[in-house]
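Student: Can you read through this structure? Questions will come right after.
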Amino acid sequence: MPAPKPISKEMCLAAMDKTKSTKAAARYLGCSYQHLRKYMAMYKDEKTGKTLLELQNNQAGKGIPKHLSGKSKIFKMEDLLNGTLDPSSFSQEKIKYKLISEGYIEEECCSCGFNERRVVDYKVPLILHFKDKNKKNYQLDNILLYCYNCYFLYVGEVFSKKELKHIEDHTILTETTPSKSEMELDPYHLKRLKELGLDDNIKDDNDPYTLVSYK
C-alpha cells in the first residue's frame, strides 16, 4: 500500500477555508483525519502564532450551524434537494461541497469528465449550473457541474468583460489573486510541479491565469 502523500500548508488553508472542522477538512482533501492532523499541527499561522490545527480545532462544533453539522435530526440534505429548505442562508460553495462530499454528485465535469486537481491547493475548477436558471432549485435533475471549458461552450461566459480584459491585458485583479505567501510550496510539491513542467509558472507573480481557479 503506497504511503500517504504530504499535504502542503496551502492545501490545509484551502480546506480550512471551505470547512469548519478538521474531520470535514480531511474529507475535503480526500485523506484520513490522522494524516491531515499531523500536517496541520506542523504549520503555523503567521498572524496568531497558533498552529493550523489549533485554529481549526472545532470538536465542540463552534461556528457550525446545527442544521449543517450532520448531527441534527432536523436537517437532512434531502430538504435542500426537494425544496423544503431555503438555501439563501448558505453559500453556494458550501452547498456544492456538501453535494459532492455526501455523494449526491460526482466531483467532475458532467460533459467531458474532467476532474484533475490543481497541485497548489487541491481545487478542481468546476462551476455549478442550474438548468432552469433558478439558483434556489437544487433538485438533482436541475443541477450540473461543468469544467470552465465546457461551461463556456455549452452555457455561457465564464468571466465578466472586466475580468477578461484584465486577463488579456496581463494585469492582475488584486481581490482575486493569491498573495506570495499563499503560494509558497513545500519541496514535495515543487518537485511535482517540476515533473509536470509547471515550475516556471510559480515564479511569475504576474501570471494572469491565476485568476482562473479563483472564479
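All of the numbers you see were taken from the coordinates with simple rules; none came from a lab. These figures come from a predicted structure and were not determined experimentally. Positions of Cβ are generated from backbone atoms using ideal geometry, with glycine treated the same way; all protein chains shown enter the neighbour counts.
Student: Please state, as a whole number in µm²/s, the translational diffusion coefficient that the Stokes-Einstein equation yields for the range 94-134 at 10 °C and 1.306 mPa s, with Rh defined as the Kirkwood radius across alpha carbon pairs.
Tutor: Working: Rh = 11.3 Å.
Estimated via Stokes-Einstein, D reaches 140 µm²/s.
Student: If packing is taken as the average count of other Cβ atoms within 10 Å, what order do 127-133, 143-149 fall into, highest mean first? Present the calculation step by step, with values, prior to reporting the outcome.
Tutor: Numbers: 127-133: 14.1, 143-149: 20.0.
Packing order, densest peptide first, comes out as 143-149, 127-133.
Student: Could you list LYS96, LYS38 so that the one with the fewest beta carbons within 10 Å of its beta carbon is first and the one with the most is last? Please report the intermediate quantities before stating the final value.
Tutor: Working: LYS96 19, LYS38 14.
Lowest count first: LYS38, LYS96.
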